[in-house]
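> To start, I am sharing the structure in question, which I have written as structure tokens.
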Amino acid sequence: MTAKRTWDILIIGGASGSGKTCVSRPLAQLYGVDLVRVDDFQILLETLITPEMIPTLHYWKIEPNWRNQSVEWVVERLIGVSYAWMAGLQAVIKDRLEENLPMILEGDFIHPELAVSLNNPRIKTIFIHEPSREQILQNYRAREGKEQAHRADVSHAFGNWLKVRCTEFGIPVIESRPWDDVVERVVAIL
């Protein structure tokens, strides 16, 4: 049996390593809707569109020295990339609404302004936030099996930026821990 929902599109954003996918999967099962990952669009677009056409989409591959840049510098690039994704994500969401195909859309490159730009009662948005840099580092270790200190620093800073922007826009932000009840906390907000 699927849970009753008051939305057709649920957008779940947050920084890398914050727990979005761990929240999104059980929610998609609970509500009986598709789970669509922005990461899949990224792979598709990077394959079909050259860096010369849209350099922003290929940033992490065409700028091999990004790991040597300051955290602030990389966060600015993340903000730019997430802003560049907005028009495409708006189109996907509008198509899903027109076709009456409910979904959860989750990903790193979801800018908080996306939810504000859509302003539709059929769409709900929640951001997942992990306040601990050390926990993000542990999440990367568990998921990818390697140490990624700079990436964790960037994700932590980007997550904090997202939280501030969401607060400004009135978008709910849920801390990912404690893990054992994060899905229930998201459901309570919905």
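The values are calculated or read from the model by the stated rules, or taken from the named source; none is laboratory data. Predicted, not measured: the structure shown is a model, and the values here were computed from it. Using ideal geometry, Cβ is built from the backbone for each residue, glycine included, and neighbour counts are taken over all protein chains shown. Accessible surface is based on the protein model in full, side chains and every heavy atom, while ligands, DNA and RNA are left aside. Shrake-Rupley method; radii C 1.70, N 1.55, O 1.52, S 1.80 Å.
> What is the sum of charges, Lys and Arg at +1 and Asp and Glu at -1, for the other residues whose Cβ falls under 12 Å from the Cβ of residue 99?
My count for the surroundings of residue 99 gives -2.
> Could you give me the ³J(HN,Hα) list for the stretch 58-72, computed from phi with Karplus coefficients 6.51, -1.76, 1.60 and θ = phi - 60°, whole Hz, x at Gly and Pro?
Per-residue couplings from phi come out as 10, 3, 5, 9, 8, 10, x, 8, 4, 5, 8, 8, 5, 4, 4 Hz.
> So how do 181, 40 rank on accessible area, 1.4 Å probe, biggest first, that is with the largest at the start? Let's see the in-between values first.
Working: 181 55, 40 75 Å².
Per-residue accessible area, sorted high to low, gives 40, 181.
> Out of the total accessible area of the stretch 81-181 (probe 1.4 Å, heavy atoms of protein only), what percent is carbon and sulfur?
Working: 2380 of 4790 Å².
So the carbon and sulfur contribution to the accessible surface is 50 percent.
> Top mean-square fluctuation among 132, 176, 18, Gaussian network model of the chain, C-alpha springs under 10 Å?
Answer for the Gaussian network model of the chain: 132.
> Straight-line reach only, C-alpha to C-alpha below 23 angstrom: list the lysines that residue 163 could link to, leaving out same-chain residues fewer than 8 apart.
Straight-distance partners of residue 163: 20, 124.
> When the helix-only estimate is applied to the chain (DSSP H runs of n ≥ 4, each -39,500 (n - 2.57), divided by the residue count), what is the mean residue ellipticity at 222 nm, nearest 500 deg cm²/dmol? Show your work: numbers first, answer last.
On the way: 8 runs with 103 residues, N = 190.
Rounded to the nearest 500, it is -17000 deg cm²/dmol.
> Using a 1.4 angstrom probe on the protein heavy atoms only, line up 53, 103 by accessible area, largest first. Provide the component values of the computation, followed by the final result.
Numbers: 53 125, 103 0 Å².
From most exposed to least exposed: 53, 103.
> Then there's this: GNM, the chain, Cα, under 10 Å: largest mean-square fluctuation among 102, 112, 64?
64
> On to the next question. What does the accessible area per residue of the stretch 141-190 come to in Å², with a 1.4 Å probe and no ligands, DNA or RNA counted?
57 Å²
> Suppose all protein chains stay in the model; what accessible area per residue would a 1.4 Å probe give for the stretch 55-115, in Å²? Each step should come with its number before you reach the end.
Numbers: 2980 Å² over 61 residues.
Accessible area per residue: 49 Å².
> Sort 30, 118 from largest to smallest accessible area, using a 1.4 Å probe on the heavy atoms of the protein chains. Walk me through the intermediate numbers first.
On the way: 30 60, 118 30 Å².
Ranked from most to least accessible, the order is 30, 118.
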